[in-house]
Amino acid sequence: MNAAIACCYSQVRTSSKLDSVLHVREVIVVSKPSQRDVVPAQTLSGEQLQRLSSHSVADAMRYFSGIQIKDYGGVGGIKTINVRSMGSSHLGVFYDGIELGNAQNGQIDLGQFSLDNVEAISLYNGQKSAIFQSASDFGNAGSVYIRTKRPSFSNGKDYNLKFKVKYGSSGDVFSLSSLYEQRLSPSASASLSVGALTATGKYKFRYKRKNMDGTTAYDTTAVRQNGDMWALRAEANFYGNFEDGSWMAKAYTYNSERGIPGAIVNNVWRRGERQWDHNSFVQGSIRKALSARLDSRLLAKYAYYDTHYVNNDTTTMLIDNTYKQQEIYFSFANVYEILSGWSVSLSYDFKWNKLNSDIHNFVFPKRYSNFLSLATAFDSRFIKVQGSLLATFVKDHTQKQARKPSARMVTPAVFVSFAPWGGRTFSIRAFAKKSFRMPTFNELYYTDIGNATLSPETAIQYNLGVVYGKSTGPSWFGGVRIQADGYFNTVHDKIIAYPKGQQFRWTMLNLGRVHIWGLDAEAEVTLRPMADVCVTSRIQYTFQQARDVTSSELSYYNDQIPYIPRHSGSAIIGLAYKSLSMNYSFIYVGERYSQQENIATNHVQPWYTSDLSMTYRANIKRVGVRLTLEVNNLFSQDYDVIINYPMPKRNYAVSLEVML
């Protein structure tokens, strides 16, 4: 479908009188036919991604099926994602092929990653089913792959330069970004992306709460406070090709300060929490075809994360703590084509994590992780099969603690895709996978809360789905793709916070078990009803029944787990006419419960939002201009994604891009 959208966009561009030459981007082949994905990803890319009213990667991912977003409001609010109700710690997030890590709490704040330099976002359930990948890639219950733009140049041109400025009325968000691409030689190029953002974080919201008897307790309009933010981001990339191979290097840094507005509870409107983040990493990869049948790839990364958190709220405990994380990562992956259509891969990864903090009685943990994977893939006209085994060895070292947590586990996965008629139009797919996650440093070692005896969480997934796609037909028909997946997931030894007996004193225990039944459905259609007109549409629906089955003696036994709606969905409709395009997007999240017990006092109302954007493109003396106007939350609905964290009402944004 993305290809259909791209063709639709190219058709619009070539029909414009402003364009006399159509420049087609180069196509880079990155895998052999025997390494194709068995279970395709959900993907947003190119023009479709640009048209969404999204500030960050997390905003764009709301349009994937099976996703739950935790959004605490505003551009600076922390945004994490959860796939198919298994918890965000079971999800791997990859930035240009290498996983983003957070051994401290397992949470990746996707609000920190701008869309200004992103080419595509892909979501895989189970794992990325191509076998030529790092060993640790096989270990996640789901994976998100973020791919940044790779330089491409028109004939006779050695550089590209783009500036973008954007203003949003919700919180007075002002952002400025630039992207510079330079051809260094016929086989090498580089890019530099820089961005800055500032916001007051103030926006109006309605606060309405009811008493147990149904009478109104609060109903007022207020302004969100302590949500101010500034952030600076810079990213340098280098790309190169050589005989039978390629390489890439990246340096990334992100520096920010933000206020944390906190929950609105007991009529308290302002909180005293602030957080400073300084995250940097360097990473590189090199790939080489050692023979006609053997490919190898090396990956390496070093990351340093510095977080300073302050809570000056006198009504709670005063906190002023600093956390410093380090990570070293190395991967060596190999794939060998035994016969045409049959390949095998062997990969090894090493990861080292360290956390320092000025917390009283901190144990300064270090974690050593080794991953070894063996995988095979068979691809024929009618069937594609992939299987993998991942052996994981994890060992922690700490100060001031005698017990050193460790884990050894082998986790298998099998993926199958069957095309009854031997083509790509219709196929049936299925997979089964076991995975696990180690407890985070916070869960194991946080002072007075952590529990060093925790066992890893284990997840088992089963999936059965169908996909139908067609891209040829009448001249007005651009393409259609329909897919649906039913699944059952179960999480064992789920880690939960549990009271130790003293008031306000909690610890972490392996007490949880969750059973998850679900259905994801998605349809995409492209139409060309007349010359210069292109209509694209994408709709998705998710049903999830995620029940806590820890113990029949608990009051919330068999209840839906917190913040998981049974019904949710989204729709995107785009209309393009010559240099003008319009995009409407809709998101619906059904009723949920904010606590473990599914009772009236914990009930959270369903919510929906509608966003509308209009874009105009023009070329003025070889300078490309793109102007976008947005109206977000079109009907000004009052809603909370997380209870007591109100989201903005109707707001507006305008952006201008200039491309040289």
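Read-outs throughout are calculated quantities, based only on the coordinates presented, and are distinct from any laboratory measurement. What you see is a predicted model; the values in this text were computed from it and never measured. In this analysis, Cβ positions are derived from the backbone assuming ideal geometry, glycine residues included, and neighbour counts consider all displayed protein chains.
Structural remarks
- Mean Cα-pair separation over length for the chain, i.e. relative contact order, pairs under 8 Å, 6 or more apart, %: 12 percent
- A cut-off of 5 Å between modelled amide H atoms, ignoring neighbours fewer than 5 places along the same chain, links Y639 with M647.
- Shape of the chain, Cα gyration tensor, a/c cut at 1.5: rounded
- Segment 103-204: C-alpha gyration tensor shape, a/c 1.5 cut-off, then a/b vs b/c: oblate
- Label zone (D219, point 7 Å along Cα-to-C-beta; backbone nitrogen cut-off 15 Å) within segment 622-642: 638.
- Rounded to the nearest Hz, the phi-derived 3J(HN,Hα) couplings of segment 276-286 under the Karplus curve 6.51 cos²θ - 1.76 cosθ + 1.60 (θ = phi - 60°) are 10, 10, 9, 10, 9, 7, 10, 8, x, 8, 9, where x marks glycine and proline.
- For S129, residues with placed amide H under 5 Å, excluding near neighbours: V38, V39
- Its DSSP H runs of at least 4 residues, each contributing -39,500 (n - 2.57), put the calculated 222 nm mean residue ellipticity of the chain at -1000 deg cm²/dmol, to the nearest 500.
- Normalised by the number of residues in segment 152-205, the mean separation of alpha-carbon contacts (under 8 Å, six or more apart) gives a relative contact order of 33 percent.
- Total formal charge among the other residues, if their Cβ is under 12 angstrom from that of N463, Lys/Arg +1 and Asp/Glu -1: +1
- The string of couplings for segment 82-98 from the Karplus curve (6.51, -1.76, 1.60, θ = phi - 60°) is 9, 10, 6, 6, 8, x, 5, 6, 8, 9, x, 10, 10, 10, 6, x, 10 Hz, one whole number per residue in order, with x for Gly and Pro.
- Three-way shape label, segment 93-152, alpha-carbon gyration tensor, a/c 1.5: oblate
- Using the Cα coordinates of segment 293-354, the gyration tensor eigenvalues translate into equivalent-ellipsoid semi-axes of 47, 12, 7 Å, sorted from longest to shortest.
- Its relative contact order, with pairs defined as Cα atoms under 8 Å and 6+ residues apart, puts segment 303-379 at 27 percent.
- Rh by Kirkwood over Cα pairs, then Stokes-Einstein D for segment 613-660 at 1.002 mPa s and 20 °C, µm²/s: 166 µm²/s
- For M409, the shell of other residues with beta-carbons less than 14 Å away shows a net charge of +3, using +1 for Lys and Arg and -1 for Asp and Glu.
- A straight chain from R183 to W230 at 0.36 nm per residue would run longer than the Cα-Cα distance by 13.7 nm.
- Whole-number Å³ per residue for the convex hull built on Cα positions in segment 335-486: 171 Å³
- Efficiency of FRET between E257 and V658 - r from beta-carbon atoms, R0 35 angstrom, step 0.05: 0.75
- Using a simple spin-label model with pseudo-atoms 7 Å out from Cα toward Cβ, M530 and Q545 lie 4.9 nm apart.
- Dipole of the chain computed with +1 at Lys/Arg Cβ and -1 at Asp/Glu Cβ about the Cα centre; of M530, Q50, I260, farthest Cα towards the positive end is M530.
- Under a 5 Å amide H cut-off, with hydrogens placed 1.01 Å from N, K202 pairs with G171 among residues at least 5 apart or on other chains.
- Projected label points at S471 and D306, each 7 Å from Cα along the beta carbon direction, are separated by 4.8 nanometres.
- Stretched out straight at 0.36 nm per residue, the stretch from Y577 to F635 would grow longer than its current Cα-Cα span by 18.3 nm.
- Counting charges near S114 (Lys, Arg +1; Asp, Glu -1) among other residues having Cβ under 11 Å from its Cβ returns a value of 0.
- Efficiency of FRET between V344 and F364 - r from beta-carbon atoms, R0 35 angstrom, step 0.05: 0.30
- Cβ charges +1 (Lys, Arg) and -1 (Asp, Glu), total dipole of segment 220-310, debye: 180 debye
- Projecting the Cα positions of N160, N334, I572 onto the charge dipole of the chain (unit charges on Cβ atoms of Lys, Arg, Asp and Glu, taken about the Cα centre) puts N160 furthest along the positive direction.
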